[in-house]
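Read the figures in this text as sums done on the coordinates, not as results from a lab. A quick note: this is a predicted structure, and the numbers were derived from the prediction, not measured. Cβ: placed from backbone, ideal geometry, glycine included. Neighbour counts: every protein chain shown.
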Amino acid sequence: MHFLIHSMPPRSITSCVGKLKQESTDHIWRSSHRSFLVKHFWKERTFWSDGCFVCSIGEASPDTIGQHILTQG
């Protein structure tokens, strides 16, 4: 899964990803899929793995990044 997020300093990339994972997990657990999740995540209310890969793109254009994402397979 790829996301292109625009963030202004001083917010770090990892804090943006953490917030995205936190909010999306909360939304997913409040959805109609809760009964499915309870069967598979019975120990804790989680959805995402602990790890992630993030990087900044500097001055690359959104078109360049979009093309890169499309070629990743």
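Quick one: is Lys39 touching a residue at least 12 places away in the same chain (Cβ under 8 Å) and assigned to a helix (DSSP H, G or I)? Judged against the criteria, Lys39 is not a match.
Within the stretch 6-24, being more than 10 Å from the chain's Cα centre (by Cα) and free of Cβ contacts under 8 Å to residues at least 40 places away in the same chain holds for His6, Ser7, Met8, Pro9, Pro10, Arg11, Ser12, Ser15.
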